[in-house]
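Chemist: Quick one: the structure is below, questions incoming.
Derivation of every value follows stated rules applied to the coordinates shown; laboratory data play no part. Computed from a predicted model, the values in this text were never measured in an experiment. When we count neighbours, we look across all protein chains shown, and the Cβ atoms used for this are built from the backbone with ideal geometry, even at glycine.
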Amino acid sequence: MAEYQRQTVASRGATTTAAVDEGLRSYMLGIYNYMGLGLGITGVVAYFFNNWVMSSQAAIDTVYGSPLMWVIALSPLAFVLVLSFGIQRMSAATAQLVFWAFAVSMGLSLSSIFAVYTGESIARVFFITAGTFGAMSLWGYTTKRDLTSMGSFLFMGLIGLIIAMVVNIFLASSALGFAISALGVLIFVGLTAYDTQKIKEMYFEGDDGETMGKKTIMGALRLYLDFINLFLMLLRLFGNRN
């Protein structure tokens, strides 16, 4: 009888573990799907918007010779702030729509890279970024090490990186620009692993389906930003200019 009870408890434990593993895989797959689709939307919008802008001088003047340039450049930040501070008051469906709008606005904002860098180097750097991102995200997902302390260090580094970028706007130093890009690669490589681990931990906090939907969107947003920033830093280092 006691042996039967032990077997029953073990069976229930195995079933529970399997259910948790399946739920976690589904949750993470949903995050990566949202992120991947968001990147796809951004890339398509950036490519076609750049083609339209470069098709005529009038379009160039309209976009880059007017305040519209600042609207396009700053709109992604506005969407990030809306999602970060307002998602608790949104439904999961609304948060998803805001995320797609953010992906479109990022495409508009990043369209100029097709005018600055060759298409071949953009593609090459994209695949380098995808490989690096995938490896670090996998490590962040599987490692047993707590990355919290690393996250605090990376956040401080990110603040310093932003300050250095602002300073270099006025200095226009190529050496400082190279250092910023190199440091940025290290920071966003680390943040990819850190954010993946934190997103994984969010799953074990539970919550209902609506809240999990919001967590999926926010997780996709965090990884999307890590990927885009890593891509831009690598592009500054290895991209071939037109």
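Chemist: Running Debye on segment 2-238 with equal point scatterers at the Cα sites and no solvent, what base-10 log of I(q)/I(0) appears at q = 0.12, 0.14, 0.17 Å⁻¹?
Modeler: -0.77, -1.01, -1.40
Chemist: How would you order 24-35, 69-80 from highest to lowest mean count of nearby Cβ atoms within 10 Å?
Modeler: Values: 24-35: 16.7, 69-80: 15.1.
Top of the packing list down: 24-35, 69-80.
Chemist: Just want the answer: with Cβ charges of +1 for Lys and Arg and -1 for Asp and Glu, which residue in F48, G119, I217 is farthest toward the dipole's positive end in segment 2-238?
Modeler: G119
Chemist: For labels at K198 and L77 in the simple 7 Å Cα→Cβ model, what's the distance in nm?
Modeler: So the label points at K198 and L77 sit 2.0 nm apart.
Chemist: Once you put a point 7 Å from the Cα of I169 and another 7 Å from the Cα of F155, both along the Cβ direction, what distance in nm separates them?
Modeler: If labels sit at I169 and F155, their model points lie 2.4 nm apart.
Chemist: What value does segment 109-230 have for Rg/Rh, both radii from Cα atoms and Rh as Kirkwood defines it? Spell out each step's value before the answer.
Modeler: Numbers: Rg = 16.5 Å, Rh = 16.1 Å.
That ratio is 1.02, to two decimals.
Chemist: Shifting gears a bit: Amide H to amide H, which residues 5 or more places from Y117 or on other chains are under 5 Å from it, using H placed in the peptide plane?
Modeler: Correct list: N242.
Chemist: Measure off 7 Å from each Cα along the Cα-to-Cβ vector at N242 and L37, then give the distance between these two points in nanometres to one decimal.
Modeler: Going from the N242 label point to the L37 one covers 3.1 nm.
Chemist: If you place +1 on the Cβ of every Lys and Arg and -1 on the Cβ of every Asp and Glu, how big does the dipole about the Cα centre of segment 2-238 come out, in debye to the nearest 20?
Modeler: On the way: 13 positive and 13 negative charges, 45 e Å.
Roughly 220 debye, rounded to the nearest 20.
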